[in-house]
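Working notes, beginning with the structure itself.
Here, each number is a calculation from the coordinates, and none is a lab measurement. Because the structure is predicted, anything quoted here is derived from the model rather than measured. Don't worry about glycine lacking a Cβ; one is built from the backbone with ideal geometry, like all the others, and counts go over all protein chains shown.
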Amino acid sequence: MREFGKKSEGGHVWLAYLQFLVLLVAIGAGTLLLGAGILPRTTGTLPQTTGTPATPTAVPNCDCDCSDYEERVTVTPGTNAKIHVTTVIHANGRIEHKVRVTGRTGGTSVDLKWHGPQGAQDTEASHHPGPILPPVNKVTWRKLPVDANGQTPEVTISYTPPSDAIWVSDVFTVVGSGWQESVNVGVWRGSPPQARAASRPAATPAPLRRTTAARLDETRWLWHATLDSTSALTLTADLCQDGLDLLQADTSFAALRVPVYPPSLVYTEPYTLPVIFTAELWPHLALLDFGGTQLLTVPLEYRAQYHTFAENELPAAPGERWLALGAVTSPTLTCAGLPELDWWEVQAHVYLDLGGTEGAGQGAVLPLYYCYEGQSPPAMGSTLLSRALGAQVTSYQGWGITCLGPQPLTLQPEFEGWKLGGSTTAWLTPTLPITLNHYLINWTGAPLTFTLDYSAPLAVDWRLYGGTWEAPDLNDPLTPPIRVDADGEQQLWFISDPLPGDTADGPCTFILTATNVTSPTDFHWASDLLWVGDWIAPPPAPWQRYQIYLPLVVKSH
Amino acid sequence: MLPIFNLGPWQVSTYTAVNALAILVAGMVAFHRLVRGLDQPPQVVVRGATLIILAGLLGRYLVRAVLVVQDLVRGGDLHWAGGNSFVGALAGGSLAWLLYCRRHHIPLGQAFDLGLAAPLPLGQAIGRLGCLAAGCCFGKPTDSWLGVYLPDHAGLWAMRYPTQLLAAAANLLIFFTLLAMERYRRRRSPPHPNPLPQGERGLSPLPWGRGRGRGKTPPFDSFLFLLYLGLYCLKRFVLEFLRGDALPVLGPVSWVHLYTVAIMVVVTALIASNTSSVLHRKGG
């Protein structure tokens, strides 16, 4: 540093250092501001914000020097935009929504999208240049200006719903710079669905292989389901493409009943849909290989056209609404170039924000159905999805749609203290024994003792063994109560006698409950779906019979 | 992991903040080296170093603009999906620096050795900590002893290879290796009493490397920069096997493997050929 202070041709060296330092600080500050790296802090519940997934195909999701171009994990902008919808049902049956977006949008304009019911006709929209081209149940208002008060103009959309629809569902989505938010507006045109649903028989809970929900933060949950290739089904590019085509064909979807905010006592009142669509957290299916490398990503989107069906035909509950999710139908994805995989796994990642609902959903059990159009399971080459769908308890067939479920999705923190895990789907063959695996994990830091109760509608005796994750240890029979050491685990292998040859075909559920002996109210349960014999398609919905009571008056003599 | 931190009434992206810090530190190191190593007035260096950074930032985001245009052409939707590219930054910064040096008759090889070779890995080492905070560039899940409980870009926590930390450590190692190499060569090669004419000592394989040597960046100008490229590609090649976001094109080989191998081959050939030329001249 001898040069410091030396006056040269360009001036003092220390002055140059100072100048350059100031320049660097300015550039750094500019990077922070231009790159949305610094934003006003938000308070309260997390908004459902930020943009759609950038690229729907398999891309490296990183922000670093992994390739020539990369995805960027950006900050969730501090927005609190809300969609306000006022709905009018006209005497001629037309439905009219007046929609306005208010709140901090983080920009001077937003895009607003409407997705109405299938079969909507004569759609008219304000603030929309030109005629509305098919499909007329979708309209997008681009670059709606946001004024200084954070309000957009009020736009109007009106349409004639299908004449036989007693319930229609509309989804409005506002898209800002890097964020989006949706609301669902249901319009009831018949008798309340709760009354109809109340008379429905309760369906048997049934699990799909390894489906869990884990808490991400105070209000957000990760719904995580995995379908793997334990049955040694080699996945080829053709088979993958079959599955992808089916998923994108708009004929299969998952229906999930979720608590909503506000609870929407009035059917026309809008409510917030809980699925999070942000740059980091967006619903998707992912195909992984043995090493865990993500080979293909399929974004999911709302299937608004099935909301109506779900609200009408699947069991309802106060304060809860159905949503339908399916793979994006556009752009068309491809499995081209996928190597042949002996071991593969499909993971579903759906992030839910239940902020505003009671306890942010803590402890709620959300029924989940897998549905497809038609009566037979979808044929997909070598039955990729049907393996997951066909194993579920059939509970409903109507409107030309078959739904399998419910699969209960319990919202509870993953690290609550202890956990009863394991959830198997198994085809059973009479005369062979049944083996089911569950496990207890204790994170409490102190030993715990559990009683076990189980029920299974099969005329077989069960024995319980310990063992490893891979196999039971027949030399280690267990007798409840079961003690699990601090921060330890205990494998529970249930092995039955051979299944009698005259066991009836069809589904049944093995339900296991573990209860902490020191606290009878501290219990968890897990279930396995057992299917005896071949797949039997559910019968179509029976004719409904109505009894009519006429105002008869007994004539007095 | 910690994608955002609160600073009073502001929410700050950890990733961007750490990157800004990386630019600050690496920029100051580059500036210091250029002021001391180049025989140029400080103001010339100030302008040049500023130009490198601005052009690097431009190149970093310009690559993503290609995707924006692509989306615009395909779907008519103008939408900035975010993202950046280190390769774009390197190309942008290098091109600007090259043109600037040409204009001011600065020996290019020395300029690249001093201004880019050592500061870049230092900046990358710091920047990787931002990746760790954001969860990008995440590693594959693993049961090995290397596993650290970390999230991926989607916030899914698992025992993963800590690729960001490994990359940061590797970049630091490259940084110190380059410094050690520079110091070692400087000790072994005392300055010439008289500067050699243009091209005499400029044994650089790159056209811009034929500068007037002062005996400070042997064995040939741009050697350090080439060494940095080679070591960076080697590091990238190895870590790509551990990354969870690698996109394989042929078995476990991704296209990053392919281009890093290509660069390593070219760099190795250039270093070998020019070292051989140096030895030959000495022998002759």
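Can you tell me the FRET efficiency between A:Trp462 and A:Asp487 if r is taken as the Cβ-Cβ distance and R0 is 22 Å, rounded to the nearest 0.05? Here the calculated transfer efficiency is 0.20. For A:Thr449, neighbours were defined as the other residues whose beta-carbon sits under 12 Å from its Cβ, and their charges (Lys and Arg +1, Asp and Glu -1) total -1. Label-to-label distance for A:Phe290 and A:Thr513 is 4.3 nm, based on points extended 7 Å past Cα in the beta-carbon direction.
Here the alpha carbons of region A:283-332 define both size measures, Rg and Dmax, at 15.1, 44 Å.
The gain in end-to-end length when the B:Ala272 to B:Leu99 segment is fully stretched comes to 59.6 nm, 0.36 nm per residue minus the alpha carbon separation. Over all other residues within a Cβ to Cβ distance under 10 Å of A:Ile83, the charged ones net out to +1, with Lys and Arg as +1 and Asp and Glu as -1. Applying the Karplus relation 6.51 cos²θ - 1.76 cosθ + 1.60 with θ = phi - 60° to region A:451-460 yields 3J(HN,Hα) values of 8, 10, 10, 9, 9, 7, x, 10, 7, 9 Hz, where x marks Gly and Pro. Near A:Lys138, the amide H atoms lying under 5 Å from its own belong to A:Gly116; only residues 5 or more places off or on other chains count, and H is placed 1.01 Å from N.
Report the net charge of residues surrounding A:Thr102, where surrounding means a beta-carbon distance below 12 angstrom and charges are Lys +1, Arg +1, Asp -1, Glu -1.
Within the 12 Å Cβ shell, the charges total 0.
As a proxy for reagent exposure, ranking A:Glu311, A:Glu124 by other Cβ atoms within 10 Å from fewest up yields A:Glu124, A:Glu311. A straight chain from A:His127 to A:Ala26 at 0.36 nm per residue would run longer than the Cα-Cα distance by 32.1 nm.
Mean per-residue shielding of peptide B:134-140 is 6, counting Cβ atoms of other chains within 10 Å of each Cβ.
Using 0.36 nm per residue, how much length does the chain from A:Thr479 to A:Asp250 gain when fully extended, once their Cα-Cα distance is taken away?
Answer, rounded to one decimal: 77.5 nm.
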